[in-house]
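Peer 1: So that we are looking at the same thing, I have put the structure below in structure tokens.
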Amino acid sequence: MAAAHTLKDESSQGWRHKPLWVWAGRTGSALTIAAALILAIVHIPPMRWLFVAWTCSNVLWLWYGWRLGSGSLMSAQAVFANLDSRIEERWKAGNLSHGFWRTGAIPALAPVDTMREYGFWQAKAVLEKGLAGQVSVALIGGHARIGMFLPNRLLEGMSTWGESLTDAVARAHDGQPASIIRRVGGDTLFDRIFTEAPFSAEWLLRCTKDVNAQAILSNHLAWRVIDLWESALRTVMSQQSHDLGIVLHSAMPLPPIVTESLPLTLQDVYEVQPGHWVTIVTLTAEEIGLPALEEQLQMMLPDHGVTVQKDATA
């Protein structure tokens with residue numbers, strides 16, 4: 001009973017303390033509906049008071065829409081604009097030689113046009129010829145969702161830790177499995193739901209009024225997207241298929257254009273010593289030989305000093 005009284009008290013308090021702009025929208029809705037009904041029933045054309053009421057209702061609707069649009073929706077667009085620039089800066093920084101955030105040869109994400117005014121953001125990347133990956137973000141009232149789509153063909157086999165590659169990718173971000181894992185056509189979706197600050201409903205509402213809160217959300221969202229993508233791709237590249245791999249030696253890490261332009265799947269990349277990088281790839285087309293592959297790589301990247309190890313595989 002006490003719980004029931006508490007809920008009743010809270011609901012009555014919420015009813016009394018609704019923001020004025022919310023009541024403006026509700027009043028505008030009621031006036032518009034009433035005016036439309038009267039016009040439909042009474043066909044007496046000059047009804048000045050009715051058109052005055054309709055005008056007032058439209059003004060109230062404009063206020064309601066302005067508050068709603070300039071709040072959550074416009075703040076979401078600002079957050080996504082910042083995410084675009086952070087993603088671009090991340091891959092413009094190049095292939096860093098040291099540090100956890102080394103990009104290596106991980107394909108760059110490229111933001112695409114989506115319905116950002118409704119809280120949706122999307123980016124895609126070419127993983128190899130004919131195969132693409134995707135990251136989608138939804139800033140919805142109460143939580144944020146980040147979904148990653150990877151081609152099923154790249155998730156075949158086992159990880160270097162002895163578990164299925166799908167399970168390894170699902171845990172790559174923070175050791176915990178993704179909230180939702182499902183097959184969608186030729187891809188697998190790894191969907192994560194974040195409800196803690198700065199992704200909580202309270203924080204998203206705060207972003208409509210506080211520029212600093214919006215900046216914190218933008219920063220956390222950018223690095224969350226980057227880490228989800230890079231940790232997943234590193235896991236895919238480290239799968240246990242080195243026995244079938246081709247070893248490439250180079251003076252610097254190979255850029256993503258290699259897998260985007262040639263029939264290659266990237267398996268691993270590491271720095272043996274300063275100025276000596278090893279990249280493990282597999283061919284997705286049998287018609288190309290190792291000498292021809294080396295020639296194409298040297299023409300594509302004349303400054304990288306690329307050679308193909310022909311005497312042994314990884």
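Readers should treat all values here as calculations from the given coordinates under stated rules, not as data from a laboratory. These numbers were taken from a predicted model, which means no experiment stands behind them. Cβ atoms come from the backbone with ideal geometry, glycine included; neighbour counts cover every protein chain shown.
Peer 1: If each Cα of the range 86-237 is one equal point scatterer, what is log10 of I(q)/I(0) from the Debye formula at q = 0.14, 0.15, 0.18 Å⁻¹?
Peer 2: -0.72, -0.82, -1.16
Peer 1: Please go through the range 159-229 and write out the chymotrypsin sites (Phe, Trp or Tyr not before Pro) that DSSP classes as loop and that have at most 15 other C-beta atoms within 10 Å.
Peer 2: Those that pass, being in a loop and sparsely packed, are W161.
Peer 1: While we're on this one: Net charge near A251, counting Lys/Arg +1 and Asp/Glu -1 over other residues with Cβ under 15 Å of its Cβ?
Peer 2: -3
Peer 1: Please give the net charge around L264, taking every other residue with its beta carbon less than 9 angstrom from that of L264, where Lys and Arg add +1 and Asp and Glu add -1.
Peer 2: My count for the surroundings of L264 gives 0.
Peer 1: Taking the Cα-to-Cβ direction at I288 and at I257 and moving 7 Å from each Cα, how far apart do the two end points lie in nm?
Peer 2: Going by the 7 Å Cα→Cβ label model, 1.4 nm.
Peer 1: For the range 86-237, with only Lys/Arg (+1) and Asp/Glu (-1) charged at the beta-carbon, what is the dipole magnitude about the Cα centre, in debye rounded to 20?
Peer 2: Charge dipole, the range 86-237, about its Cα centre: 160 debye, nearest 20.
Peer 1: Additional query: Taking 0.36 nm per residue of sequence separation and subtracting the Cα-Cα distance, how much length would be gained by fully extending the chain between A110 and W223, in nm to one decimal?
Peer 2: In short, 39.2 nm is gained.
Peer 1: Quick check on the exposure proxy: order E295, E271, E196 from fewest to most C-beta atoms within 10 angstrom.
Peer 2: Placing the least packed residue first, the sequence is E196, E295, E271.
Peer 1: Which cross-chain or sequence-distant (5 or more) residues have an amide H under 5 Å from the amide H of A132, H modelled 1.01 Å from N in plane?
Peer 2: L127
Peer 1: Give me the net charge of H143's neighbourhood, meaning all other residues with Cβ under 14 Å from the Cβ of H143; Lys, Arg count +1, Asp, Glu -1.
Peer 2: Combined, the nearby Lys, Arg, Asp and Glu give 0.
Peer 1: According to a simple spin-label model (label point 7 Å from Cα along Cα-to-Cβ), what is the distance in nm between V278 and L205?
Peer 2: Placing both labels 7 Å beyond Cα along the Cβ direction yields 5.6 nm.
Peer 1: Once both labels are modelled 7 Å past Cα along the beta-carbon direction, what's the Y118-M299 spacing in nm?
Peer 2: 4.6 nm
Peer 1: Could you list R224, R86 in order of exposure, starting from the residue whose Cβ has the fewest other Cβ atoms within 10 Å?
Peer 2: With the sparsest Cβ surroundings first, the list reads R86, R224.
Peer 1: Report the far tail of the P(r) of the range 242-308, meaning the percent of Cα-Cα pairs longer than 18 Å.
Peer 2: Of all Cα-Cα pairs in the range 242-308, 27 percent lie more than 18 Å apart.
Peer 1: How much length is gained on full extension from R182 to T195, taking 0.36 nm per residue of separation minus their Cα-Cα distance?
Peer 2: Here the answer is 2.6 nm.
Peer 1: Determine ³J(HN,Hα), in whole Hz, for all residues of the range 258-268 in sequence, where each value follows from phi through the Karplus function 6.51 cos²θ - 1.76 cosθ + 1.60 and θ = phi - 60°; x replaces Gly and Pro.
Peer 2: My calculation for the range 258-268 gives 4, 7, 6, 9, 10, x, 10, 10, 6, 10, 6 Hz in order.
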